[in-house]
Amino acid sequence: MAVESTALASSIIALAGGVDNISGVERCMVRLRLILADPDVADVPAIASLPGVALAMHLMGQLQIAPTAHLDDLHATVVDAVAAARP
Amino acid sequence: MKVAKVFNNSVVLGTDEQGGEVVLFGRGVGFQAKRGDVVDESLIERRFVPGANASAERIAALVDELPGEDIDLTEKIVAEGRVALGDHVTDHVLVPLADHISFALRRAREGAPVIEYPLRYEVESLYPEELAFARHALHLIEEASGVPLPDVEAVPLALHFVNAQFGARDISTTMNMTTELAHLLDIIRQEYSADIDEDSTAVARFVTHLRYLYVRGRSGIRRDLETPPLAQAIKATQPREHATAQRMAEYLASRYGWDVGEGEVLYLSIHVMRLTAGLGVSTGPGDGS
């Protein structure tokens, strides 16, 4: 479960334009919500077609990604990755 | 009502005479409007109250992008929820709930896979009323949109209604609380090596008590600082219940650093007595049944 979340988090971060393009990470009950410095860089169709992703789209100024399971792990992994990249 | 901020031609932030903020939506309501202008109330189609869970900015982005029919549907659900669950289901729940429902409909329409929600069993055992109303809400959603959502979608809806009890608090607080409440019930199950009837009124009362205990703990509010004499009596006559309650208090202390106090241990002991009354186990010299 944790391994899957790590792999999914890496793919999402890469396709969203890398950690440098992620200026904020939020979540709700269903969605990981990324605030992107440049939203146009994100390859949304590629993120939506990743295994483990139910739906991904730009909404309300965020890139919203609904994983099919384990949002807690995914959110924590992305938060850690983004924090680690900021000295 | 005056204009505090113009988001675009159809969304402005207004302030009423008491200084309360309301996001106002209506075609033309923001057209050539400036800060300090009096709002043309005849143009207002919808009003939203911002809160901790939905800032004015987020609401403005949301009302611009959410289909109007999804907001209408959510308003109906919130109104019925207030009747079914109580006045704590305020308009604060409208925006996060409309956001959730609209996205759930999107997922269903696009044939996205069903989401595996954590806390499914916890929600079933801890919040039966909210879950029952959430299932009713699924019917209302299907009626209005023609889209049948899977039964598991009642779980996040129920959590939104639980969340409403504590105002516009972040939903992750409610999710953490749910995990902890389930753990506290598990402590009783372990101590008595028995399952407690999950539909009983006793569980419902206990869960309500724990919900408020959790909120007081999080906000640092303490009460019952003095040890009531009754606590000593309970400790002497109901040692097992008192020990179980003590274990819960110790768990909360180690997990969160909360000192709930001896008075609270008394209340927890009484709940443990009620919850285990039907188990047919000896509950000590005070047990007259």
Cβ neighbours within 10 Å from other chains - mean over A:66-73: 4
To the nearest 0.05, how large is the calculated FRET efficiency for residue B:186 and residue B:87 if R₀ is 35 Å and r is the Cβ-Cβ distance? 0.65
If you line up the long axis of helix B:94-109 against the longest principal axis of chain B, both from Cα atoms, how many degrees apart are they, to the nearest 10? 80
Rolling a 1.4 angstrom probe over the protein chains, ignoring ligands and nucleic acids, what is the accessible area of residue B:10 in square angstrom, nearest 10? 30
In degrees between 0 and 90, to the nearest 10, how far off the longest principal axis of chain B does helix B:56-65 point, with axes built from Cα atoms? 60
Under the rule of -39500 (n - 2.57) per DSSP H run of 4 or more residues, summed and divided by the residues of chain B, what mean residue ellipticity at 222 nm is obtained, to the nearest 500 deg cm²/dmol? -18500 deg cm²/dmol
Selection from B:203, B:258, B:220 lying farthest towards where the dipole of segment B:180-278 points positive, charges on Cβ: B:220
Pairs of Cα atoms under 8 Å, at least six residues apart: use those to get the relative contact order of chain A, whole percent. 33
Which order do you get for B:120, B:27, B:189 if you rank them by accessible area with a 1.4 Å probe, largest at the top? B:27, B:120, B:189
Taking a crude spin-label model, label points 7 Å out from Cα along the C-beta direction, the residue B:170 to residue B:200 distance in nm is 3.6
Go ahead and run the numbers for FRET between residue B:236 and residue B:47, Cβ-Cβ distance against an R0 of 51 Å, rounding to 0.05. 0.35
Would the protein assembly as shown count as rounded, prolate or oblate if I go by the C-alpha gyration tensor, calling it rounded below 1.5 in a/c and otherwise prolate when a/b exceeds b/c, oblate otherwise? prolate
Give me the inter-chain shielding for B:150-156: mean count of other chain Cβ atoms within 10 Å, whole number please. 1
Keeping all protein chains in place and using 1.4 angstrom, which order do B:273, A:57 fall into by accessible surface area, from largest down? B:273, A:57
For chain A, calculated [θ]222 nm from helices alone, where every DSSP H run of n ≥ 4 adds -39500 (n - 2.57): -11500 deg cm²/dmol
Quote the relative contact order of chain B in percent (integer), defining contacts as alpha-carbon pairs under 8 Å separated by 6+ residues. 12
State, to one decimal in nm, how far the label point of residue B:193 lies from the label point of residue A:14, with both points 7 Å from Cα in the Cβ direction. 5.3
According to the square roots a ≥ b ≥ c of the eigenvalues of the Cα gyration tensor, what is the shape class of segment A:2-84, taking rounded for a/c under 1.5, prolate for a/b larger than b/c otherwise, and oblate for the remainder? rounded
Percentage relative contact order, segment B:20-132, counting C-alpha pairs under 8 Å, at least six apart: 22
Peptide-level mean, for B:105-118, of C-beta atoms on other protein chains within 10 Å: 4
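The values are calculated or read from the model by the stated rules, or taken from the named source; none is laboratory data. This structure is a prediction, so every number in the text was calculated from the model and none was measured. Neighbour counts are summed over all protein chains in view; Cβ atoms, including those assigned to glycine, are modelled from backbone coordinates with ideal geometry. Note: areas computed on protein heavy atoms with side chains; ligands, DNA, RNA excluded. Shrake-Rupley method; radii C 1.70, N 1.55, O 1.52, S 1.80 Å.
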